[in-house]
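**Student:** Take this structure first; my questions come after.
The values are calculated or read from the model by the stated rules, or taken from the named source; none is laboratory data. Computed from a prediction, not measured in an experiment: that's the story for all the values here. Neighbour counts are summed over all protein chains in view; Cβ atoms, including those assigned to glycine, are modelled from backbone coordinates with ideal geometry.
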Amino acid sequence: MDLSSLWNNLAGVISAVPRSGLLVATLAAVFAGIFGTALLRPVPFLGRFLRASSTLVLSGVLVLVILQIARFDPRFEMAMPEVGLPEQIVEGGETRIPLAPDGHYWVRAKVNGVPAAFLVDTGATLTTLNTDTAQAAGLEPRTGGIPIMMQTANGTVAAHVTTIDEFSFGNVTARGLDAAIAPNIGPTNVLGMNLLSRLGMWRVEGGTMILTPSQEDTAERRDPAIGN
């Protein structure tokens, strides 16, 4: 990573600090630890208290960050209703997506009932929405979530994690799905691997992407084409 990219990432994180409770808590804990170290000799009790508090807060932040990242990968799937994070479920029936003239696979989806076009991107870790789509669907950044730095055509941006109550296209429906809200990514929304990897199977045959949830409807509903 060159100095320019490093600086852009750092600037993005700094700009996101006021909107992230975890980042604010992390900075406060770091400063408390430094201040506590300085007070060890003149005021030992207060110094030790500040350092211990700093360690506890930083440990808690680390656990929350690990839990957030773990939810992006179904191999580490976990539901955490006690902290407001639901189980991520993908179900339905087989769905076929034809290759579009531009060489990509597109779906016309509904995000909390709001229609929006999504580019299927097997190289994207997380399903991502632009700010207009997120606002139309009534999505807000998750309280206390740590921002995710993303590279876009307009440079590095801080994307904020949210939860989609219901995301559907063709015969597939996802509930409680984690997604990112990314500013300055243009009109494109992206369907990423955090949804695809929760399917029973997905494959490409003859220019058609075939998605098969692990729990298909008994009626085996089939949608021959769901492009734009």
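**Student:** In region 182-216, what residues are under 12 Å from GLU91 (Cα atoms), modelled with pLDDT under 75 and either among the hydrophobic types (A, V, I, L, M, F, W, C) or surrounded by 13 or more Cβ atoms within 10 Å (Cβ to Cβ) (or both)?
**Tutor:** Within region 182-216, just GLU216 meets the criteria.
**Student:** For ALA116, which of the numbered conditions (1) modelled with pLDDT of 80 or more; (2) of a type in the set (A, V, I, L, M, F, W, C); (3) exposed (fewer than 14 other Cβ atoms within 10 Å of the Cβ) fails to hold?
**Tutor:** Evaluating ALA116 over (1) modelled with pLDDT of 80 or more; (2) of a type in the set (A, V, I, L, M, F, W, C); (3) exposed (fewer than 14 other Cβ atoms within 10 Å of the Cβ) leaves (3) as the failure.
**Student:** Just to be sure, is ILE69 at pLDDT 55 or above, surrounded by 12 or more Cβ atoms within 10 Å (Cβ to Cβ) and assigned to a strand (DSSP E or B)?
**Tutor:** No: the conditions fail for ILE69.
**Student:** While we're here: For region 195-212, what are the residues that are outside any strand (DSSP E or B) and either in contact with a strand residue (DSSP E or B) (Cβ under 6 Å, 6 or more places away or on another chain) or free of Cβ contacts under 8 Å to residues at least 12 places away in the same chain (or both)?
**Tutor:** Hits for region 195-212 are LEU195, LEU196, ARG198, LEU199, GLY200, GLY206, GLY207.
**Student:** OK, next. What do you reckon, is LEU10 at pLDDT 75 or above and either among the aliphatic types (A, V, I, L, M) or under 25 Å from ASP178 (Cβ atoms) (or both)?
**Tutor:** no
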